[in-house]
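Asks: Quick one: structure below, then a few questions.
The values are calculated or read from the model by the stated rules, or taken from the named source; none is laboratory data. Values in this document were obtained by computation on a predicted structure and should not be read as measured data. Cβ atoms come from the backbone with ideal geometry, glycine included; neighbour counts cover every protein chain shown. All accessible areas refer to the heavy atoms of the entire protein, side chains included, with ligands and DNA or RNA removed. Shrake-Rupley method; radii C 1.70, N 1.55, O 1.52, S 1.80 Å.
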Amino acid sequence: MTAIVLHAEEEFDPGLPRPTLARMLGDVRAAGFDALSLGLLHVGRDGSKFDESWVIAGELRYNDTLLFSDGNHVGSPDWPEALGDAASTLGLRIALVFGGAGHQDFRAIRLLHARHGAGFAGSGLRRNLLALRATMPWLDSIELCCEDTYDHASFVDFASLLVDLGFDLALRPSMFREFWVKAFAAV
């Protein structure tokens, strides 16, 4: 089965009013797209610099908008509701892209992994991912776009955590073929 996927970032900002989001999502489907890949999901409160104190809580944000903190959805309910409506009524598959060029999300993952005994049990990141799963049960997948820290152990454990929480994964390799091949085999 062939799917036509639109990759979008700031265009689908979580701060947009629900009617605007609904119209935009309808336009995406009407244009012939089967799936929408939304980027970028990040760990930590601020992406402009790497500061361990901003990462420890494992908060999740979409671009610059904080969405999940302390195991709760803290963003506007309009965004997940409009996306969920598009998934169910329009048949639009929706994925979130985690990471991306110019960001240090996998450096943060490596730090959190080390702080929690080479895993994520009991971490704020795990609680926030659980909240993401509960808030967006219709989410088709999480795409992993690692372009900063190619640490095999923390990447594989993070990918495994996502799978354990019920997410499908897509890998977006860019460099270091051996890293991606080994990670794919391990997950």
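Asks: Suppose we filter VAL97, VAL28 for residues that are at pLDDT 95 or above and touching a Cys at 6+ places or on another chain (Cβ under 8 Å); which single one remains?
Replies: After ruling out the rest, the residue left standing is VAL97.
Asks: Are there any pairs with C-beta distances below 8 angstrom linking a residue in segment 44-67 that is modelled with pLDDT of 80 or more to a residue that is assigned to a loop (DSSP other than H, G, I, E, B) and aliphatic (A, V, I, L, M), with the two at least 6 apart or on different chains, and if so which?
Replies: Correct list of pairs: LEU66/VAL74; LEU67/VAL74.
Asks: Then there's this: Name the residues in segment 41-62 that are under 19 Å from GLY124 (Cα atoms), open to solvent by 20 Å² or more (accessible area, probe 1.4 Å) and either of a type outside the set (A, V, I, L, M) or assigned to a strand (DSSP E or B) (or both), would you?
Replies: ARG45, ASP46, GLY47, PHE50, ASP51, GLU52, SER53, TRP54
Conditions tested, residue by residue: (1) modelled with pLDDT of 90 or more; (2) closer than 20 Å to PHE68 by Cα; (3) buried (at least 21 other Cβ atoms within 10 Å of the Cβ).
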site	(1), (2), (3)
HIS113	yes, yes, yes
SER123	yes, yes, no
ALA131	yes, yes, no
ASP151	yes, no, no
PHE155	yes, no, yes
ASP168	yes, yes, no
PRO173	no, no, no
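Asks: Sticking with this structure for a sec: What number of residues in segment 133-149 are part of a helix (DSSP H, G or I) and either open to solvent by 60 Å² or more (accessible area, probe 1.4 Å) or among the charged types (D, E, K, R) (or both)?
Replies: 2
Asks: Give the residue that is nearest to LEU41 (Cα to Cα), with candidates limited to residues of segment 63-85 that are assigned to a loop (DSSP other than H, G, I, E, B) and of a type in the set (D, E, K, R).
Replies: In this case the residue turns out to be ASP64.
Asks: Restricting to segment 86-103, count the residues that are of a type in the set (A, V, I, L, M) and assigned to a loop (DSSP other than H, G, I, E, B).
Replies: 3
Asks: When residues of segment 13-40 are filtered for being assigned to a strand (DSSP E or B) and without any contact (Cβ under 8 Å) to a residue 60 or more places away in the chain, how many remain?
Replies: Qualifying residue count, segment 13-40: 2.
Asks: If you check every pair at least six apart or on different chains, which have Cβ atoms under 6 Å apart with a residue in segment 123-139 that is of a type in the set (A, V, I, L, M) first and a residue that is not in a helix (DSSP H, G or I) second?
Replies: Between residues of segment 123-139 that are of a type in the set (A, V, I, L, M) and residues that are not in a helix (DSSP H, G or I), the close pairs are LEU125/GLY58; LEU129/LEU165; ALA131/PHE68; ALA131/GLY71; ALA131/ASN72; ALA131/HIS73; LEU132/PHE68.
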